[in-house]
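The structure appears right after this line, and notes come after that.
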Amino acid sequence: MMKSIGLLFSLLTLLTACSVVDADSNAEYMYGNDSVVPQALYDGEWTVNKQVVDTARLEVNGVLKVRLPEDYLTRLCFGGISEDGLPLTSGKAETMTVLKGQPAVIHFTDQGYTTTTSFANIGVAESSLNGVVVFSHASFTIALNGVDYRVEMLSKEPGTAVYRNDTGLWTIAIPVSAFLVTNLNTQEESEHQLPSAVTIYYNAKKRIR
């Protein structure tokens, strides 16, 4: 009996050691050799067509946490887009709109790497209201005329997240072809299709932790 217990503890120790090695390998794969702890914090910018539309902080800790460019996306969702890629204003977006400013949680799946760059896909595949399979990348919550709505970004293609080992910085690309808007009081859903897809980019500029 004592030999069996001793063998069990030996196996548990071996399994624990393997888990630690795997975790360390994954951290080096996505973050480079200079980052012992994968958690990091960055300052960066959201851009559309190379124009800065917002600034935000990015937190990396197994997932990507960043405040979305809510003002831009709200105008885009409810007002549409102009020929130069900028969102149009609309009465609904302008009247009694409260932006929550809460960071969105973006999950990523490793896709491959080179000596300087690691690549990942973002977005969860799901069915939209019209039955088409789309990718849901992230969502944010706003209040319109006192009612809270969840605005979810959808596209036909997954987004991407790129980490460069040489600079230690992230770039996130999120294509948007439609929005799924949910009334959080009634759970009523409506889908807002864009006439053409728009891609928003987050570029980390500086690591601050």
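The numbered conditions (1) part of a strand (DSSP E or B); (2) within 24 Å of Asp71 (Cβ to Cβ) are all true for Asn185 except (1).
Within the bounds of segment 143-165, is there any residue that is more than 11 Å from the chain's Cα centre (by Cα), at positive phi and at pLDDT 90 or above? Checking segment 143-165: not a single residue is more than 11 Å from the chain's Cα centre (by Cα), at positive phi and at pLDDT 90 or above. Applying a threshold of 6 Å to beta carbon distances and a minimum spacing of six or more residues, or different chains, the list of pairs starting in segment 49-72 at a residue that is closer than 13 Å to His107 by Cβ and ending at one that is open to solvent by 50 Å² or more (accessible area, probe 1.4 Å) and in a loop (DSSP other than H, G, I, E, B) reads Asn61/Gln39; Val63/His107; Lys65/Pro103; Val66/Pro103.
Residue-by-condition table, conditions (1) polar (S, T, N, Q); (2) surrounded by 15 or more Cβ atoms within 10 Å (Cβ to Cβ); (3) part of a strand (DSSP E or B); (4) free of Cβ contacts under 8 Å to residues at least 12 places away in the same chain:
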position	(1), (2), (3), (4)
Ala120	no, yes, yes, no
Thr141	yes, yes, yes, no
Tyr149	no, yes, yes, no
Thr167	yes, no, no, yes
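Taken over segment 169-203, the residue count meeting the criterion of being exposed (fewer than 13 other Cβ atoms within 10 Å of the Cβ) and among the polar types (S, T, N, Q) is 6. Identify all residues within segment 122-139 that are within 14 Å of the chain's Cα centre (by Cα) and either open to solvent by less than 40 Å² (accessible area, probe 1.4 Å) or at pLDDT 90 or above (or both); write none if there are none. Result: Ile122, Gly123, Phe135, Ser136, His137, Ala138, Ser139. With the condition kept exactly as written, say whether any residue in segment 37-44 is modelled with pLDDT of 50 or more and either among the hydrophobic types (A, V, I, L, M, F, W, C) or in a helix (DSSP H, G or I) (or both). For segment 37-44, residues modelled with pLDDT of 50 or more and either among the hydrophobic types (A, V, I, L, M, F, W, C) or in a helix (DSSP H, G or I) (or both): present.
The values are calculated or read from the model by the stated rules, or taken from the named source; none is laboratory data. Keep in mind that what you see is a predicted model, and the values were worked out from it rather than measured. Every residue, glycine among them, receives a Cβ derived from its backbone with ideal geometry; neighbour counts consider all protein chains shown. For accessibility, only protein heavy atoms count, side chains too; no ligands or nucleic acids. Shrake-Rupley method; radii C 1.70, N 1.55, O 1.52, S 1.80 Å.
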